[in-house]
Amino acid sequence: MHSNNHYNKNLKEFARELRTQTVSKAEKFIWKAVLSRKLTGERFLRQRPIDQFIVDFFTPELGLIIEIDGSSHKNKADYDFYRQQKLESLGYVFLRFSEGEVIQNIGAVKERVDYAIFCLKENRPPPLKSDDSDEYQTPSEGDRGG
């Protein structure tokens, strides 16, 4: 992976604005209830510029990106898919949650984050939850961009 994690300094000011002015309730909640270093043992960054995008949460040591899909993501499914594929092609791993999922089921969100961290530390891909079931699927090598 790129040594500076594809940091885009041209997006620095915009990312700073997002961190201070447009933080959703779900982003605040997951930040405090799940992503603190005390809880995960990992350093997560908020609103991090990577390549041509700004991601909600990122842990550079593991290459894990966490996105919270809220009202700003409505009608943007194609763009979100493109953005995720582009970032995965750079070697990053994604976890994506809806705002409702974070607010209404933070325990399950924490379990998925903790398990992804465990898998990445063990140098194996975390399983992906399929959209229509509670079953987890392990991505194929091509799906991970690896």
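FYI, it's all coordinate maths here, none of it is from the lab. Worth saying up front: this structure is predicted, and the values here are computed from it rather than measured. Please note: Cβ atoms are built from the backbone with ideal geometry, for glycine as well, and neighbour counts cover all protein chains shown.
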Q | Given Lys76/Lys110; Lys38/Lys110; Lys38/Lys121, the pairs whose alpha carbons are separated by over 23 Å | A | Lys76/Lys110
**Q.** Residues Tyr79, Tyr92 arranged by fewest to most Cβ contacts within 10 Å
**A.** Tyr79, Tyr92
Q) Lys25 versus Gln85, label points 7 Å from Cα toward the beta carbon: distance in nm? A) 3.5 nm
Q: Output the peptides 35-41, 58-64, 109-115 sorted from most to least packed, where packing is the average of other Cβ atoms within 10 Å over each peptide's residues.
A: 58-64, 109-115, 35-41
